[in-house]
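The structure under discussion appears below in the form of structure tokens.
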Ligand code: UD1
Ligand code: CA
């Protein structure tokens, strides 16, 4: 059985989303819609793939440029049949079938594509259209069958009569057609309809006119063919994909204490025996190891987290790497390029950015480390901050292995603290400190007695004492 070649229509703007970003680039659970369609096609094992681009063509091309795909340009965009026409050179002269689908159906799965191909061959059809039976068919083209049950035509909602609108069988926008039939019917399609567009759906009536039987393949799982036109549909698709991702994590041995409240994007990998509390968002390209604990209110984006890491309540981290056995939070903020070694600790109200914190080092409370390189087994006291910015430029702070930085220290960068040195609490460090030294910079404490009537105590209280 020869595999079909595939055409993805992705040139439309997506007016109904009311967005500056074109429709197929909108993300659903961490991936642009079009990427899901691409993946499903690859898994289904189709032959060549062509994407019809138009709106924001460059961005769409670059999204799928990693795949072995061809492109066709459609400009201006005058409807779905016009889009297929724009890709004529892709299927012209091809001996087999063309699978046509839309870039706005991110829920589609490889199994369903394979099922369609099997049905198309089993029925020996020249044109198969995938249909679905929906309780609420609003917005879709309706599939009109004749009294014998064969598909006769598809009518778009805007062109439909009231009686036709009551029909629950809809066109999913996925078709399998011989390249030959497609090429011969396309030129007959006109734009005589409510939207003044060239409708691909007219292919069906044209095929019937030609005496071809059109097979309507009713999808087993209509959810998979939902076309995303509105923000509400976008949200629904995202929740379905998050649910698929949760199920996959749980099958892989991850505990989700309250699954419905965890949002794992599609490129997230989590190791077994990790426990995820309620209310956690894990997005982008994130990998979390095994035996970790991720507490509530945590947001993790594009991070690489080792094994046995604890991420405590209310932490946010982005583009960070955390080594095995470390503890982060509660309420920590790891900004991009934070790299925490093994068995290290970033505690509550600690913010890091472009910072390397070595193995076994600790910044346990109320600290800012920006543009900072911290060696191993360093202790950074409560309230310490790097002063990395002079209003124009950023500078680096280096703290070498085994240093002890007292509480409430300001490290005015660029500055380097030598190995094994100690910085006294409350110091403002503006110059490098050599190894094995104690640096203290603070005014000596002075004590003056208060006279009667000075200070906060009332004179009555003073009288008693
Ligand atoms: C289309 C079908 C409708 C079906 C529905 C399924 C037509 C006329 N209607 O309607 O019967 O029920 O899909 O979801 O085909 N596109 C282009 N170039 C264009 C226009 C659209 O590439 O000139 C692309 C879009 O980027 C999108 C896809 O084609 O990925 C479908 O277009 P859309 O406008 O969403 O069609 P629907 O109104 O949903
Ligand atoms: Ca659509």
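Taken together, the values in this text are just the output of simple stated rules run on the coordinates, not laboratory data. Note that the coordinates shown come from a computational prediction; the quantities given were computed from them, not determined experimentally. Because the Cβ atoms are built from the backbone with ideal geometry, glycine has one as well, and the counts that use them run over all protein chains shown.
Quick notes
- Helical content alone sets the calculated 222 nm signal of the chain at -5500 deg cm²/dmol, taking -39,500 (n - 2.57) per DSSP H segment of four or more residues and averaging over every residue.
- For the chain, the longest principal axis of the C-alpha atoms and the axis of helix 33-44 are separated by about 60°.
- Out of every Cα-Cα pair that region 1-156 contains, those further apart than 29 angstrom amount to 17 percent.
- Kirkwood Rh in Å, taken over region 38-128 so that all alpha-carbon pairs contribute: 14.3 Å
- Long-range tail of P(r) for the chain (Cα pairs > 29 Å, %): 60 percent
- Eigen-decomposition of the gyration tensor built on the alpha-carbon atoms of region 234-292 gives equivalent ellipsoid semi-axes of 18, 12, 10 angstrom, largest listed first.
- Judged by the ratio a/c of the largest to the smallest principal axis of the C-alpha gyration tensor, region 384-465 counts as prolate, that ratio being 1.5 or greater while a/b is larger than b/c.
- With the Kirkwood sum run over all distinct C-alpha pairs, region 113-167 has a hydrodynamic radius of 12.6 Å.
- Between residue 243 and residue 144, the FRET efficiency estimated from the beta carbon spacing at R0 = 25 angstrom works out to 0.15.
- Degrees between helix 110-122 axis and first principal axis of the chain (Cα, 0 to 90, nearest 10): 10 degrees
- Size of region 179-220 as Cα extents on the principal axes (Å, biggest first): 31, 26, 17
- DSSP bridge pairs, region 137-291: antiparallel proportion in percent, nearest 5: 40 percent
- Largest-first ellipsoid semi-axes for region 187-278, taking √(5λ) over the Cα gyration tensor eigenvalues, angstrom: 44, 16, 9
- Stokes-Einstein diffusion for region 297-340 at 20 °C, viscosity 1.002 mPa s, with a Kirkwood radius from C-alpha pairs, works out to 216 µm²/s.
- Region 268-421: proportion of alpha-carbon pairs further apart than 28 angstrom, %: 17 percent
- Computed label-point distance, nm, for sites residue 412 and residue 21 using a 7 Å Cα→Cβ extension: 4.4 nm
- Label point distance in nm, residue 168-residue 430, each placed 7 Å from Cα along Cα→Cβ: 7.9 nm
- Altogether, the Stokes-Einstein calculation at 20 °C and 1.002 mPa s, with the Kirkwood radius of region 133-233 over Cα pairs as Rh, returns a diffusion coefficient of 148 µm²/s.
- For region 375-416, the alpha-carbon coordinates run over 32, 18, 10 Å along the three principal axes, in decreasing order.
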